[in-house]
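Data block below; observations after.
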């Protein structure tokens, strides 16, 4: 199976999880770049509000074509119980290119709310597997076992 891990990360936790998943699967990875600045406390607040409104954003150009992969594993941070605007945009723009999908998320507090359901609705595909990680466990490196279990489900 040829897989691609694609993720958006504002603080680095989703990036770390995504790269660990890509290493576990020995596959390609790519980061989604949000062209709208979302740094600092105001960026954090506006990002959560925009995510709850299910807004799209402008993302940077991507290097890897998801149509060339058997499976695309898509990751997002959770903002206001929703997926990030950049991830929503990626899913919207590429949904016709996905053969199979899997989803992962990092959440600062609580659960992902309805993010996985939203991801499924936006891309029109049911995930082969999902993985939810607490931002704290990723930051402290305590997520590796969950990543490896997730990777085995996908292999």
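A crude spin-label estimate for the pair residue 45 and residue 62, with each label 7 Å from Cα along the Cβ direction, gives 3.3 nm.
Express in nm, to one decimal, how much length is gained between residue 81 and residue 152 on full extension, taking 0.36 nm for each residue of separation and deducting their alpha carbon distance.
Working: separation 71, 0.36 × 71 = 25.56 nm, distance 2.71 nm.
Full extension of this stretch gives 22.8 nm more.
Using every pair of distinct Cα positions in the range 29-103, the Kirkwood expression returns a hydrodynamic radius of 13.0 angstrom.
Does the range 63-102 come out rounded, prolate or oblate by the C-alpha gyration tensor, with a ≥ b ≥ c the root eigenvalues, rounded set by a/c under 1.5 and, if not, prolate when a/b is larger than b/c and oblate if not? The shape class here is prolate.
Relative to its residue count, the chain spans a Cα convex hull of 93 Å³ per residue. Of all beta bridges that DSSP places with both ends in the chain, some 10 percent have antiparallel geometry. Largest GNM mean-square fluctuation across 39, 124, 108, computed for the chain with C-alpha springs under 10 Å, falls on 39.
Each residue, residue 36 and residue 1, gets one label point 7 Å from its Cα in the Cβ direction; the gap between the two is 3.3 nm. Summary of the geometry: the range 134-155 and the range 13-29, compared by the centres of their Cα atoms, lie 10 Å apart. If you sort the three axes of the alpha carbon gyration tensor as a ≥ b ≥ c, you get a/c of 1.5 or more for the range 17-65 and a/b above b/c, which makes it prolate.
Taking Cα pairs under 8 Å and at least six residues apart, what relative contact order does the range 3-154 come out at, in percent?
On the way: 298 pairs, mean separation 36.9, N = 152.
About 24 percent, as a whole number.
In this simple spin-label model, placing a label point 7 Å from the Cα along the Cα-to-Cβ direction at both residue 11 and residue 97 gives a separation of 3.0 nm. In a Gaussian network model over the chain where Cα atoms closer than 10 Å are linked, find which of 140, 55, 19 has the largest mean-square fluctuation. For the chain, modelled as a Gaussian network with Cα springs under 10 Å, the answer is 140. Short to long, the 5 Å bins of the Cα pair-distance histogram for the range 75-155 hold 3, 16, 26, 24, 20, 10, 2, 0 percent of all pairs.
Read-outs: derived from the displayed coordinates by stated rules, not from any lab. Quick caveat, the model's predicted, so the values are computed rather than measured. When we count neighbours, we look across all protein chains shown, and the Cβ atoms used for this are built from the backbone with ideal geometry, even at glycine.
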